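I have placed the structure first, in the form of structure tokens, so that the comments after it can refer back to it.
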């Protein structure tokens with residue numbers, strides 16, 4: 001695997017991890033979210049007003065594009081183990 005290919009994959013993983021941390025931070029305004037329709041609706045309205053939520057969603061979108069670029073360069077059998085590297089999850 002070329003260093004640039006690895007860089008694309010690692011960037012995708014790091015963006016994804018950052019997005020997850022951002023989503024977790026955004027849930028501070030909602031607290032625990034129950035699975036009822038009313039709770040989901042109210043929590044959705046609350047979380048939608050938090051800027052870090054939208055930054056996290058943007059990071060997810062970019063991570064998908066970056067990951068696809070990485071996958072276009074290496075076989076899945078080489079790319080998928082990158083998700084399990086220590087410190088990237």
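Within the range 27-38, residues that are under 20 Å from residue 55 (Cα atoms) have Cβ atoms under 9 Å from residues that are assigned to a loop (DSSP other than H, G, I, E, B) in these pairs: 27/33; 27/50; 28/50; 29/49; 29/50; 30/50, counting only partners at least 6 apart in sequence or on another chain.
So in the range 49-89, with the set limited to residues that are without any contact (Cβ under 8 Å) to a residue 60 or more places away in the chain and outside any helix (DSSP H, G or I), which one is nearest to residue 15 (Cα to Cα)? Ranking the qualifying residues of the range 49-89, first place goes to 87. Checking every residue in the range 19-41 against the condition of being surrounded by fewer than 16 Cβ atoms within 10 Å (Cβ to Cβ) and within 17 Å of residue 85 (Cα to Cα) gives at least one match.
Put simply, of 26, 35, 59 the only residue that is farther than 22 Å from residue 1 by Cα and at pLDDT 95 or above is 59. Only one entry of 67, 54 meets the criterion of being surrounded by fewer than 15 Cβ atoms within 10 Å (Cβ to Cβ), more than 9 Å from the chain's Cα centre (by Cα) and within 30 Å of residue 85 (Cα to Cα), and that entry is 54. The conditions of being surrounded by fewer than 16 Cβ atoms within 10 Å (Cβ to Cβ), out of contact with any strand residue (DSSP E or B) (no Cβ under 6 Å at 6 or more places or on another chain), assigned to a loop (DSSP other than H, G, I, E, B) and touching a residue at least 24 places away in the same chain (Cβ under 8 Å) are met by residue 1. Of everything in the range 38-48 that's assigned to a helix (DSSP H, G or I) and within 22 Å of residue 16 (Cα to Cα), which residue is modelled with the highest pLDDT? Residue satisfying both the conditions and the ranking: 47.
The values are calculated or read from the model by the stated rules, or taken from the named source; none is laboratory data. This is a predicted model, so every value here is computed, not measured. Cβ sites come from the backbone with ideal geometry, for glycine too, and all protein chains shown count toward neighbours.
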